[in-house]
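J.: Structure in structure tokens, see below.
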Amino acid sequence: MAKKKSKKKVYITISFLVIIIAAIIIFLVAGKSDAAISVTVTKVEKKTITQTVTAIGKIEAETEVKISSETSGEIVFLAVKEGDTVKANSLLARIKPDIIETQLEQYKAAAEAAKVQIDARKLARERAKSELNRVSELYAKKFASTDEFEAATNNFDQSEKNYQSALYQYEQALATLKQIQRSADRTTIFSPINGIVTKLSVEKGEKVVGTAQYAGTEMMVISDLSVMNSIVEVDENDITMVKIGDTARVEIDAIQDVIYKGTVIEVGHSAIQSSLGTQDQVTNFQVKIRLLDKEARLRPGMSCNVDIETETRENVLAIPLQSVTVRDSKLETAPDVGSQNIKTVEQEDKKKKVERPASVVFVKDGKKVKMATVKTGISDKGFIEITEGLKEGEEVVSGSYMAVSKLLKDGSVIKIDSLSKKKKE
């Protein structure tokens, strides 16, 4: 009986060990299965890549004229309202000319006084001339002294200068009078261009300050809406890619589901800086884009988003943007640029001879992946050009982001995500 019990215990122990070993094997197999990283893959294909620069800005008219009065006074007539279409030389407004008329009378009187002064100085010159002739005859006959002759000569010279001065003063008075007369004529204001009144800042009865002596009151703005532009600010890192003639796609916030075509006509050279001296400092450059499509609904000041097509390459190898990552294996770790200036980091790299992290992709190789170093070209919003390192038809890992950027290594085991398989089917 004791032997039977001992054998039974041995059998139980062996069975228990077998179960434990089987569980360990199952766990290891399951662990190996779990070690495979779930990914999606995409084939390397030839595509057309269009590189774009994105910017935001405002819509403005090509021609915009601010209207101000040259004379100060009260608006007694206003012929337009905001939104009206006007023709060149059409009447816009009239300014009450009472102030300018008073000035006109004042300068007319000044001109008349200058004219009378001329007559008085002319008579004085004639008297001085007669006196000089008389003294000259006496001096020739030695009946007048040298002092008397010199005094007569000086008197005539002075009277001649006074007469010339009176003539100049009269001319000055006439010029001032003409200026005031022209200002009086300009109390009636006409439109300088064909366009639309896009802004009206005054009402009938208001008093305005003229531009003759002051900055003047801006009465209205007339814009030629037949030619419209998009004025945008492009980041300093992108401005070097933008050039005159580039094609642009413009989306207006106020007009949904319509994309307008445009072309770059001006690229700014002066920086526009904001938040100077802070971590939020931004440097942009202004770019003007001419809208090629006519649209009556456009208004100056509307917000817009612009994609400027800076370069297009056809029939090039391309893969999804998310397939490319950087790894520093087999390379020295490059400094973290963070908020540092990129140029400064590049200069430090040259001094220290530190290699920058390489751009890599993970190529499907059976049930594993191999890490391949690639050289990239231009990119659009979805794909990036591959200039070296891949061949057409190869499959590269395109997701997930965590897999590409962190989990995968050279030789990692993978399993294709079910969604990726369905897309292929």
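The values are calculated or read from the model by the stated rules, or taken from the named source; none is laboratory data. Owing to the predicted nature of the structure, the values given are computational and were not obtained by experimental measurement. No Cβ is skipped: glycine too gets one built from the backbone with ideal geometry, and neighbour counts run over all protein chains shown.
J.: If a residue must be assigned to a strand (DSSP E or B) and surrounded by fewer than 19 Cβ atoms within 10 Å (Cβ to Cβ), how many such residues does segment 79-102 contain?
T.: Here is the first cut: in segment 79-102, the residues assigned to a strand (DSSP E or B) are 85-86, 91-95.
Restricting the remaining residues to those that are surrounded by fewer than 19 Cβ atoms within 10 Å (Cβ to Cβ) gives 85, 91, 94.
Selection size over segment 79-102: 3.
J.: Name the single residue, out of those in segment 270-320 being on the phi > 0 side of the Ramachandran plot and in contact with a Lys or Arg (Cβ under 7 Å, 6 or more places away or on another chain), that is surrounded by the most Cβ atoms within 10 Å (Cβ to Cβ). Explain how you work it out, then say what you get.
T.: Restricting attention to segment 270-320, the residues satisfying the condition of being on the phi > 0 side of the Ramachandran plot are 275, 277, 301, 315.
Filter again for in contact with a Lys or Arg (Cβ under 7 Å, 6 or more places away or on another chain), leaving 301, 315.
Details: Gly301: 11, Asn315: 9.
Checked segment 270-320; the qualifying residue surrounded by the most Cβ atoms within 10 Å (Cβ to Cβ) is Gly301.
J.: Let me confirm something: among Ala166, Ala140, Ala120, which residue is surrounded by 15 or more Cβ atoms within 10 Å (Cβ to Cβ) and hydrophobic (A, V, I, L, M, F, W, C)?
T.: Working: Ala140 fails: surrounded by 15 or more Cβ atoms within 10 Å (Cβ to Cβ); Ala120 fails: surrounded by 15 or more Cβ atoms within 10 Å (Cβ to Cβ).
Within the list Ala166, Ala140, Ala120, the selection yields Ala166.
J.: Can you spot a residue in segment 103-120 that is free of Cβ contacts under 8 Å to residues at least 40 places away in the same chain, of a type outside the set (Val, Ile, Thr), assigned by TED's automatic domain parsing to the domain that holds Gln181 and farther than 17 Å from Gln172 by Cα?
T.: No, segment 103-120 contains no residue that is free of Cβ contacts under 8 Å to residues at least 40 places away in the same chain, of a type outside the set (Val, Ile, Thr), assigned by TED's automatic domain parsing to the domain that holds Gln181 and farther than 17 Å from Gln172 by Cα.
J.: Picking from Thr63, Thr52, Thr71, which residue would you name as being β-branched (Val, Ile, Thr), in a loop (DSSP other than H, G, I, E, B), surrounded by 13 or more Cβ atoms within 10 Å (Cβ to Cβ) and within 38 Å of the chain's Cα centre (by Cα)?
T.: The unique qualifying residue is Thr71.
J.: Give segment 256-271 a look and list any residue that's touching a strand residue (DSSP E or B) at 6+ places or on another chain (Cβ under 6 Å) and closer than 16 Å to Ser230 by Cβ, or say none.
T.: Going residue by residue through segment 256-271, those that are touching a strand residue (DSSP E or B) at 6+ places or on another chain (Cβ under 6 Å) are 259-260, 262-268, 271.
Ile259, Tyr260, Gly262, Thr263, Val264, Ile265, Glu266, Val267, Gly268 - these are the residues of segment 256-271 that are touching a strand residue (DSSP E or B) at 6+ places or on another chain (Cβ under 6 Å) and closer than 16 Å to Ser230 by Cβ.
J.: Taking the conditions exactly as written (outside any helix (DSSP H, G or I), outside the structural domain of Leu298 (by TED's automatic domain parsing) and modelled with pLDDT under 90), does Ala215 satisfy them or not? It would help to see each step written out before you state the result.
T.: Details: outside any helix (DSSP H, G or I): yes; outside the structural domain of Leu298 (by TED's automatic domain parsing): yes; modelled with pLDDT under 90: yes.
Yes: the conditions hold for Ala215.
J.: Quick one: which residue in Ile272, Ile244 is of a type in the set (Val, Ile, Thr) and either assigned to a loop (DSSP other than H, G, I, E, B) or at pLDDT 95 or above (or both)?
T.: Numbers: Ile272 fails: either assigned to a loop (DSSP other than H, G, I, E, B) or at pLDDT 95 or above (or both).
None of the others qualify; the one that does is Ile244.
J.: Would you confirm whether or not segment 134-146 contains a residue that is closer than 30 Å to Glu105 by Cβ and assigned by TED's automatic domain parsing to the domain that holds Gln106? Spell out the reasoning first.
T.: Restricting attention to segment 134-146, the residues satisfying the condition of being closer than 30 Å to Glu105 by Cβ are none.
No, segment 134-146 contains no residue that is closer than 30 Å to Glu105 by Cβ and assigned by TED's automatic domain parsing to the domain that holds Gln106.
J.: Would it be correct to say that Glu385 is in a strand (DSSP E or B), among the charged types (D, E, K, R) and either modelled with pLDDT of 95 or more or more than 18 Å from Ile37 (Cα to Cα) (or both)?
T.: Details: in a strand (DSSP E or B): yes; among the charged types (D, E, K, R): yes; either modelled with pLDDT of 95 or more or more than 18 Å from Ile37 (Cα to Cα) (or both): yes.
Considered against the rule, which asks whether it is in a strand (DSSP E or B), among the charged types (D, E, K, R) and either modelled with pLDDT of 95 or more or more than 18 Å from Ile37 (Cα to Cα) (or both), Glu385 comes out as yes.
J.: Output the residue which, of all residues in segment 123-133 that are farther than 30 Å from Leu174 by Cα and in contact (Cβ under 8 Å) with a residue 12 or more places away in the chain, is surrounded by the fewest Cβ atoms within 10 Å (Cβ to Cβ).
T.: Start the filter on segment 123-133 by keeping residues that are farther than 30 Å from Leu174 by Cα, which leaves 130-133.
Within this subset, residues satisfying the condition of being in contact (Cβ under 8 Å) with a residue 12 or more places away in the chain are 131-132.
Working: Glu131: 16, Leu132: 19.
Among those residues, the one meeting the criterion is Glu131.
J.: Follow-up. Scan segment 278-289 and tell me whether some residue there is without any contact (Cβ under 8 Å) to a residue 24 or more places away in the chain and hydroxyl-bearing (Ser, Thr, Tyr).
T.: Looking through segment 278-289, at least one residue is without any contact (Cβ under 8 Å) to a residue 24 or more places away in the chain and hydroxyl-bearing (Ser, Thr, Tyr).
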